[in-house]
Amino acid sequence: MNKSIPVTSACDKPQTQTPWLNVDEAITRMTGAVKKTSETKVVAIRDALNCVLAKEVISTINVPPYANSAMDGYAFNSVDLPTSGEKTLTLVGKSFAGIPFDGEVKPGECIRIMTGAQMANGTDTVIMQEQVEVNDSAITIQSGHCKNENVRHIGEDIKNGDVVLKVGQLISPAELGVLASLGIAEVTIYKPLRVAFFSTGDELRNVDEELEEGQIYDSNRYTIFGMLKNLGVELIDMGILPDDRQTIEDAFKQASTQADAIITSGGVSVGEADYVKETLDKLGKVDFWKIAMKPGKPLAFGFIDNAVFFGLPGNPVSVMATFYQFALPTLKTMMGLKATKATVVKVPCKTDLRKAPGRTDFQRGILQTNEQGELVVESIGMQASHVLSGMSKANCFIILPQDWGNVEAGTLVDVQPFRGLM
Ligand code: AMP
Ligand code: MG
């Protein structure tokens with residue numbers, strides 16, 4: 001056992017016979033319970049960045065629109081390629097990008113051509129300038145070249161009539177460029193979701209307030225803000241709510257009229273002053289689950305009117321872990337994204353890991369390349385669910401299956417990079 005991993009408490013006892021819901025089942029239930037948004041709008045392509053395409057894009061042109069040269073060199077007909085020795089061709093003109101040669105190139109002739117310039121009638125092959133000998137108005141080429149060398153063919157990237165982008169495609173910088181290359185100025189996207197979020201707890205204070213005895217700063221509303229912002233949704237920050245029945249009820253009512261989804265943190269475990277559960281039972285159709293995961297366990301999910309509700313646990317690391325594993329794929333489904341699964345890679349773990357069988361662990365790790373250039377992961381050390389600084393030190397979750405116990409260094413483990421989550 002690696003001595004650097006602190007032994008925290010006795011709560012690592014095996015929990016094999018739990019009645020809890022497993023992680024995959026919870027993801028399936030949540031993503032299966034929601035519908036994708038139906039509201040769409042037409043926007044200029046730059047405004048579609050990080051949005052989801054709601055109408056497929058069909059090309060009405062070929063890309064490239066004409067055969068052109070991939071090199072600076074000389075274009076001619078391949079009938080002039082020598083099979084042995086060399087051949088001299090007469091230079092009869094030039095084709096530059098945007099200024100094509102408008103005559104016909106006959107056998108025995110060639111033109112000067114630049115990268116991206118249109119191939120002239122009668123030419124089908126380009127030899128790069130470094131490979132020819134130039135003498136005034138003629139060039140000499142050697143054997144060893146082939147027909148169509150250095151030519152980019154019409155439509156070889158995209159053909160007229162091709163479906164270029166499908167419904168559900170995330171518009172990233174590459175898609176913006178592809179749309180521009182087709183001369184498409186506007187696209188139809190799904191309207192961004194509106195997501196309301198708030199924190200609950202009498203102990204919570206805002207960042208601009210002084211802490212008194214027994215109080216802590218509200219950090220969850222900031223991690224949730226960041227994760228939602230990266231997802232590209234519209235944010236409705238409803239602040240901190242005290243543990244008070246009426247205030248919580250009013251907030252839920254208000255949120256459900258304004259938002260497509262509501263996210264809260266805290267108040268879903270069974271505690272005396274937690275009124276979230278009572279209010280949800282009264283206002284909505286919400287299930288309270290114990291999920292077989294660590295960190296995370298308590299989680300509420302359901303509907304208040306038409307708004308989807310996620311009641312995340314209170315502990316700061318649990319909030320991030322449950323947001324990434326459950327809220328993220330569910331919100332992505334609602335956004336109409338076709339790709340909702342996070343990237344997972346298998347890599348050897350450099351350190352021993354402590355784990356009790358019974359729950360899926362999402363331990364915080366650091367994924368990096370070792371001196372041999374291979375990807376390896378190691379634990380950040382202390383894995384408690386209140387240690388938020390560990391999320392900042394880490395760059396990935398190390399996912400350890402429900403039935404696993406302690407892990408020895410060298411074992412191949414599943415790793416989910418934080419960067420691959422959004
Ligand atoms: P709860 O589920 O409300 O009992 O909260 C569980 C733990 O998470 C407690 O230690 C809370 O103080 C803490 N917690 C709840 N909400 C927040 C928050 N917004 N920011 C930081 N810690 C929180
Ligand atoms: Mg609380």
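Can you compute the modelled spin-label distance between residue 154 and residue 50, with each label point 7 Å from Cα toward Cβ, in nm?
Going from the residue 154 label point to the residue 50 one covers 4.1 nm.
Show me, bin by bin at 10 Å from 0, the whole-percent P(r) of the range 288-359 based on Cα pairs.
Each 10 Å bin holds this share of Cα pairs: 16, 39, 34, 10, 1.
Tell me, Kirkwood radius of the chain from alpha-carbon pair distances, in Å?
25.9
Any idea how far apart residue 411 and residue 43 come out in nm if each label point goes 7 Å out from Cα toward Cβ?
Result for the modelled spin labels: 4.4 nm.
Label-point separation (nm) for residue 137 and residue 369, each offset 7 Å from Cα along Cα-to-Cβ?
5.5
Taking the Cα centre of the chain as origin and charging only Cβ (+1 Lys, Arg; -1 Asp, Glu), how large is the dipole, in debye to the nearest 20?
Details: 40 positive and 51 negative charges, 192 e Å.
Dipole of the chain, to the nearest 20 debye: 920 debye.
Full extension from residue 287 to residue 237: what is 0.36 nm times the residue separation minus their Cα-Cα distance, to one decimal in nm?
Roughly 15.6 nm would be gained on extension.
How much net charge surrounds residue 395 when only the other residues with a Cβ under 10 Å from the Cβ of residue 395 are counted, with Lys and Arg +1 and Asp and Glu -1?
+3
How compact is the range 97-198 by the rule of thumb for globular proteins, expressed as Cα Rg over 2.2 N^0.38 Å? Don't skip to the answer; put the middle values down first.
Details: Rg = 21.9 Å, N = 102, 2.2 N^0.38 = 12.8 Å.
The reported ratio for this selection is 1.72.
Report, to two decimal places, the Cα Rg of the range 68-152 normalised by 2.2 N^0.38 Å (N = number of residues).
Ratio of Rg to 2.2 N^0.38 Å for the range 68-152: 0.94.
Skipping prolines and chain starts, which residues have an amide H placed within reach, meaning under 5 Å, of the one on residue 363, given they are 5 or more residues away or on another chain?
Residues meeting the amide H criterion: 398, 400.
Please work out how much length the chain gains when fully extended from residue 208 to residue 22, using 0.36 nm per residue of separation minus the C-alpha to C-alpha distance, in nm with one decimal. Could you put the intermediate results ahead of the total?
Details: separation 186, 0.36 × 186 = 66.96 nm, distance 3.92 nm.
Residue separation times 0.36 nm, minus the Cα-Cα distance, leaves 63.0 nm.
Classify the range 345-420 as rounded, prolate or oblate from the Cα gyration tensor: take a ≥ b ≥ c as the square roots of its eigenvalues, call it rounded if a/c is under 1.5, otherwise prolate when a/b beats b/c and oblate if not. Write down the numbers at each step before the final one.
Details: a/c = 1.69, a/b = 1.16, b/c = 1.45.
The shape class here is oblate.
Quick one: if you take sqrt(5λ) for each eigenvalue of the C-alpha gyration tensor of the range 215-353, what semi-axes come out, biggest first, whole angstrom?
26, 19, 14
Let me spell out the model: positive unit charges on the Cβ of Lys and Arg, negative unit charges on the Cβ of Asp and Glu, origin at the Cα centre of the range 68-152. What dipole size does that give, in debye rounded to 20? Show your work: numbers first, answer last.
On the way: 6 positive and 11 negative charges, 32 e Å.
Dipole about the Cα centre, nearest 20: 160 debye.
May I ask you to order 159-172, 323-336 by the average number of other C-beta atoms within 10 Å around their residues, highest value first? Each step should come with its number before you reach the end.
Numbers: 159-172: 16.1, 323-336: 22.8.
Most protected by this proxy first, the peptides run 323-336, 159-172.
Looking at 121, 110, 85, which one has the Cα that reaches farthest to the positive end of the dipole of the range 68-152 (charges on Cβ: Lys, Arg +1; Asp, Glu -1)?
Result: 121.
Based on alpha-carbon positions alone, could you give the equivalent ellipsoid semi-axes of the range 264-422 from the gyration tensor, as √(5λ), descending, whole Å? Numbers along the way, then the final one.
On the way: eigenvalues 194, 64, 30 Å².
Equivalent ellipsoid semi-axes, largest first: 31, 18, 12 Å.
Counting only C-alpha contacts under 8 Å and six or more residues apart, can you give the relative contact order of the range 345-420 as a whole percent?
Values: 159 pairs, mean separation 34.9, N = 76.
The value is 46 percent.
Can you find, among 330, 233, 292, the residue sitting farthest towards the positive end of the charge dipole of the chain, where Lys and Arg contribute +1 and Asp and Glu -1 at Cβ?
292
Give, in nm to one decimal, the length gained when the segment between residue 33 and residue 72 is fully stretched (0.36 nm per residue of separation minus the Cα-Cα distance).
8.3 nm
Whole-Hz ³J(HN,Hα) for each residue in the range 76-82, computed from phi via Karplus 6.51 cos²θ - 1.76 cosθ + 1.60 with θ = phi - 60°, x for glycine and proline: what do you get?
7, 8, 5, 5, 8, 5, x
None of the figures in this text is laboratory data; all of them are computed from the coordinates on show. Just so you know, these numbers come straight off a predicted model, no measurement behind them. Glycine also receives a Cβ, built like all others from the backbone with ideal geometry; neighbour counts cover every protein chain displayed.
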